[in-house]
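Below is one structure; the comments refer to it alone.
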Amino acid sequence: MRNIVAKKVTELPRPNGDPWSVPYVSVIVPVMNERRTLRKVIREAFRVHPHTEVIVVVNGSTDGSLDIAKKSGAKVLFYDRPLGHDVGRSIGAREARGNILLFIDADMVIPAAKLKAFVHAVAQGTDVALNDYSGPVNKTVVHGVVLAKHALNELLGRPDLGGTSMTAIPHAISRKALSVLGTSALSVPPMAHTMAIREGLKVERVISINVGQLNPIRAKRERNNSLEPLIVGDHLEAIQWWLRKTDSRGGYEDGARQRWMVR
Amino acid sequence: MKKKRLSANRSLRSGRLLKSRAFHSIKRRGKLQRPVAKRLSRNRSRSSRYDHSAGVSDGRAWRSGATYDTRVEKLREAIHDKWRRRFLETPIKQNEDWKFLQLRGKSYAAGFMQGSGMHTPLSAVPLRHKAAAVVCAGSNEAALQAVLNELEALPLHEIVIVLATPTDWMYSQARSRHNTVIAHLPAAVDADVGRALGSKLTGADIVLFVDGEHAVNADILARFLWVCDGRLDVALNDLSGQMGVFQKRAGVERFHEFLNASLDRGDLKINSLSSLPFAVSRHALDTLGATALTVPAKAHALAILKGLRIGLGGMADSRRLNGSRGDWRVAAGDHVEAWREAMTARGSRLQFTDSTRNRTALGDWER
């Protein structure tokens, strides 16, 4: 495996080189100051498939994450300033050469055995394989992000997806999905999610990994500097993208209403 | 003898009312405020006793006066009018407390009926402005009759009844009532459209919209009128007590809840103009326009966007949660329209801006 340290990455088409050197799975890991868990996360990532490349997008890190990434055998993309939430996914996806792209976070160690389920689902024909985790919903008032995810799926006519979303990791997508969605949209995951459904890609839930329970540190951050407004905004941006692609009622008929009667 | 029995009856009634109200207030406000609630209720019962005796003497005076009429609608008119005056002439602090003033109104009305010797179901609410109700009749005759019975108990200037292909019996029911305006449509019409049409037929300052197929107690409806009497522009039905856990809620409730959250009114929870009953002020009607009411979810979003004062009018049982308004596709389309309206006014992310992502790092932002 090569190490790439790049300040600025240019758009690369998928290289069609020697099939033996081309990975089957690309695992994309955005990193910002996640020294504590990074080594383990990369190790698990390499285990998902014999032909796997791990792409680590280090951005705005000052805690030595970069050194850990470099020594791990992963492909490393380095940005000295923070890219912002989920932008690393787009940057990583641009570099990916695999048939299947698996997205995970650096602050949460998920065993390879579980990650394999997502890779397997895409290998079996799913285009977008989602973590079947809807968040805590057994209460009267749920978290704003949980609400947004459910509402978006409902609006897109996919209530079966519950509160699952490309916002949550882990999820895997096919090469076909990547070419339909484009890499940029991956930075605003609900947008990519909406596009995938709208473009008729096969979007399915795979297995449930309780990311809330796995990461108490994230819960703490959520209390101090909540991502809720950002992610709610992402869902609205997604809805707006969809509204531009559809008629005034999103393709849903008006029932028997005779509006012209009221003027 | 008769007098004695009546007054015993009265105290029993208001006592019961007091108990149930106090119970609710303790439950909702929590233990800390319990002593306050207790003190208030003592004051309440004292002042409502004065209201009762005032009612008795007003009732006697009315019976022996020149305006006396044996028709019950005249009795109702007299009580509403006299009570409104009395209430406005006694401006005390607790007058802003709904439970207190409802209790006072009950006592006064009971007294008035005792004094006049005539009785009718009535919900006294002192309104400063003229109020009207709009109801779009469904196919259920008995339900319409029950709905009209409840509306009659309120101080309404007029009741607009929208009848589309009614049965003869329904038509005569509507005709036989006092103060009604009947809109007779030749063909069946969607209830939202019917109500929107009905709202154009009244010039009242407060307009109450009720379900024609599901009667709600007049005492509950009264509060919707009261909060729209200069306090709010839009008074919604509060369904949050009946909504249960998120997981088990109907899909369309996600739309209502997320629409509120996305317009920064998460406090409204699942409540929306698409649930009956609701009341609006003249200002709200003029701002939104009758046409807007044909798509309630859009009207709801518009009301928030236009800065109208939106709050809750009370808790009434609604057919929405019981699943009869279950047309998912219509609800989805309505909310698409609502969000389109909001995004036209406030941009694609509304107030939830993205200031952290470095989108230029992506080069050309596709689409």
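For segment A:174-187, backbone phi angles converted through the Karplus equation (6.51, -1.76, 1.60; θ = phi - 60°) give residue-by-residue couplings of 7, 4, 4, 4, 4, 6, 6, 7, x, 7, 4, 4, 5, 6 Hz, Gly and Pro being listed as x.
Around B:E341, what is the net charge, scoring Lys/Arg as +1 and Asp/Glu as -1 over all other residues with Cβ under 14 Å from its Cβ? Walk me through the intermediate numbers first.
Details: positive: A:R249, B:K298, B:K306, B:R340, B:R346; negative: B:D334, B:E337.
Within the 14 Å Cβ shell, the charges total +3.
Across segment B:131-346, counting alpha-carbon atoms alone, Rg and Dmax equal 16.2, 49 Å.
Counts of other chain beta carbons within 10 angstrom of each beta carbon in peptide A:79-86 average 3. Tally Lys/Arg at +1 and Asp/Glu at -1 over every other residue whose Cβ is under 11 Å from the Cβ of A:G157; what's the total? Around A:G157, the charge tally is +1. In the context of the full protein assembly, B:H119 retains an accessible surface of approximately 110 Å², using a probe radius of 1.4 Å and ignoring ligands and nucleic acids. Here segment B:131-346 exposes an accessible surface that is 47 percent carbon and sulfur, computed with a 1.4 Å probe and the other protein chains kept in place. Buried surface for the A/B pair, taken as the accessible area of each chain alone minus that of the pair with a 1.4 Å probe, is close to 5000 Å² in total. Which residues does the label zone of B:W169 cover in segment B:206-233, counting backbone N under 18 Å from a point 7 Å along Cα→Cβ? Residues B:212-215 qualify, since their backbone N sits under 18 Å from the label point. Within the listed set A:H85, A:H49, A:H143, the residue fluctuating most in the Gaussian network model of chain A (springs between alpha-carbon atoms under 10 angstrom) is A:H143.
Once all protein chains are placed together, B:E77 keeps about 80 Å² accessible to a 1.4 angstrom probe. Based on Cα contacts under 8 Å between residues 6+ apart, segment A:160-263 shows a relative contact order of 28 percent. Taken over the Cα atoms of segment B:269-356, the convex hull encloses 124 Å³ per residue. Based on alpha-carbon atoms, the Kirkwood radius and the radius of gyration of segment A:35-145 give Rg/Rh equal to 1.00.
Using Cα pairs closer than 8 Å and at least 6 residues apart in sequence, work out the relative contact order for segment B:215-349, in percent.
On the way: 194 pairs, mean separation 46.5, N = 135.
After rounding, I find 34 percent.
At 7 Å along the Cα-to-beta-carbon direction for both B:R177 and A:M261, put a label point, then send me their distance in nm to one decimal. If labels sit at B:R177 and A:M261, their model points lie 1.8 nm apart. For the segment A:191-203, counting C-beta atoms of other chains within 10 Å of every residue's C-beta and taking the mean gives 0.
Accessible area, 1.4 Å probe, largest first: how do A:D234, B:D58 sort? Write down the numbers at each step before the final one.
Working: A:D234 0, B:D58 45 Å².
Per-residue accessible area, sorted high to low, gives B:D58, A:D234.
The amide H of A:H171, built 1.01 Å from its N in the peptide plane, has A:F103 as neighbours under 5 Å, considering only residues 5 or more places off or on other chains. Remark: segment B:79-91, residue by residue, has Karplus-estimated 3J(HN,Hα) of 5, 4, 5, 5, 5, 4, 4, 4, 4, 5, 7, 10, x Hz, where x stands for each Gly or Pro and the curve is 6.51 cos²θ - 1.76 cosθ + 1.60 at θ = phi - 60°. What do you get for trypsin sites (Lys or Arg not before Pro) in segment B:49-143 restricted to DSSP loop and a cutoff of at most 13 other Cβ within 10 Å of the site's Cβ? Counting only loop positions with at most 13 other Cβ atoms within 10 Å, the trypsin sites (Lys or Arg not before Pro) in segment B:49-143 are B:R71, B:R128. The P(r) of the protein assembly as shown has a tail past 44 Å containing 37 percent of all C-alpha pairs.
Working from the alpha-carbon coordinates of chain A, get Rg over Rh, Rh being the Kirkwood radius.
Numbers: Rg = 19.1 Å, Rh = 19.1 Å.
Ratio of gyration radius to Kirkwood radius: 1.00.
Relative to one another, the C-alpha centroids of segment A:46-100 and segment B:286-317 are positioned 49 Å apart.
Contour minus end-to-end for B:N95 and B:N149, with contour as 0.36 nm per residue of separation and end-to-end as the Cα-Cα distance? Walk me through the intermediate numbers first.
Working: separation 54, 0.36 × 54 = 19.44 nm, distance 2.72 nm.
Additional length available on full extension: 16.7 nm.
Among the listed pairs B:K99/B:K269; A:K149/B:K269; B:K248/B:K269; B:K130/B:K200, which have their C-alpha atoms separated by more than 18 angstrom in this model? If you can, show how the numbers build up before the last one.
Working: B:K99/B:K269 24 Å; A:K149/B:K269 16 Å; B:K248/B:K269 15 Å; B:K130/B:K200 15 Å.
Cα-Cα > 18 Å for B:K99/B:K269; rest within.
The values are calculated or read from the model by the stated rules, or taken from the named source; none is laboratory data. It should be emphasised that the depicted structure is a prediction, and the values quoted were computed from it without experimental measurement. Every residue, glycine among them, receives a Cβ derived from its backbone with ideal geometry; neighbour counts consider all protein chains shown. Note: accessible area is taken over every heavy atom of the protein model, side chains too, but ligands, DNA and RNA are not part of it. Shrake-Rupley method; radii C 1.70, N 1.55, O 1.52, S 1.80 Å.
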